[in-house]
Amino acid sequence: MLNQVHYSVVRLVFDRHFWRQQNVRLHRKDPRRKLRQAPVAVKFVTNTTKECKRTLFERLRGLNFDLQEQEIFTSLTAARNLVEQKAVRPLLMVEDSALEDFTGLETSDPNAVVIGLAPDHFNYQTLNKAFQLILDGAPLIAIHKARYYKKKDGLALGPGPFVTGLEYATDTKATVVGKPEKGFFLEALRDLNCSPEEAVMIGDDARDDVGGAQNAGMLGILVKTGKYRPADEGKINPPPHLTCASFPEAVNYILDHLLGSK
């Protein structure tokens, strides 16, 4: 019997239908409300590097999400933690809207490269500067290496191809801090006093959400929304513990089969 539940809902925000669901008034039998009433701990985890944690929190609250800011764990937080541990001065290749999460860090005369999703900065001049720093010995820190992400007009390149290009050009290996890295999931669980075996991850990305969580020892539930593509469940080994058509279906499964909640 699980006594802690960890799940990711921010990975589902790319599904427009799911967003519309968040704007409706929660009724008594809504699975999200039932989850909050159950004796579980909840964590919202995300690889997003497009906005700072505060902005993300305010946006989710504006869409009627019932959450506290401390329940959000982002790959930006994980990246900052690593920069502070290494005591380096990063060249921050992130969107301007994400810079708030690095406030207070020394960034002049950089001796490290931190790269996330930064379409406005993925140009030859900036990438070449990163290339030269790495050649001079600067560590390459990838906030994550997602192949792609979902926009309103379809899929778009993620930071992964750009990180891989820098790795190839400099003959080095990036330190990756976001999903699907095992350390990311373990860090997200740390303040919950929860072991991976007691946790469940819900996500729409088979590799980064479900595969990463299961490699860390958690159960993974894949939902067919957002980034999901047909047959994604067959791309990871072991396969997802369960594949559901929707987020509410996944929540109901947890409540009815893992917790025995009615």
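Read-outs throughout are calculated quantities, based only on the coordinates presented, and are distinct from any laboratory measurement. Worth saying up front: this structure is predicted, and the values here are computed from it rather than measured. Note that each Cβ is placed from the backbone with ideal geometry, even for glycine, and that neighbours are counted across all protein chains shown.
Relative to the current alpha-carbon distance between Lys152 and Leu99, full extension at 0.36 nm per residue lengthens the span by 16.7 nm.
Dividing the mean sequence gap of close Cα pairs (under 8 Å, 6+ apart) by how many residues the chain holds gives a relative contact order of 20 percent.
On the basis of the beta-carbon distance and an R0 of 35 Å, Glu197 and Ala231 show a calculated FRET efficiency of 0.80.
List the trypsin sites (Lys or Arg not before Pro) within the range 120-197 that fall in a DSSP loop (any state other than H, G, I, E or B) and whose Cβ has at most 13 other Cβ atoms within 10 Å.
Values: sites: Lys129, Lys145, Arg147, Lys150, Lys151, Lys152, Lys173, Lys182, Arg190; in loops: Lys145, Arg147, Lys152, Lys173.
For trypsin sites (Lys or Arg not before Pro) across the range 120-197 that sit outside H, G, I, E and B with at most 13 neighbouring Cβ atoms in 10 Å, the list reads Lys152, Lys173.
Scalar couplings 3J(HN,Hα) for the range 185-190, obtained by applying the Karplus form with A = 6.51, B = -1.76, C = 1.60 to θ = phi - 60°, are 5, 5, 5, 5, 7, 4 Hz; x denotes Gly and Pro. Extension gain for the segment Lys129 to Arg61, taken as residue separation times 0.36 nm less the Cα-Cα distance, is 20.7 nm to one decimal. Across the range 65-100, the residues whose backbone nitrogen lies under 19 Å from the label position 7 Å along the beta-carbon direction of Asp109 are 84, 86-92.
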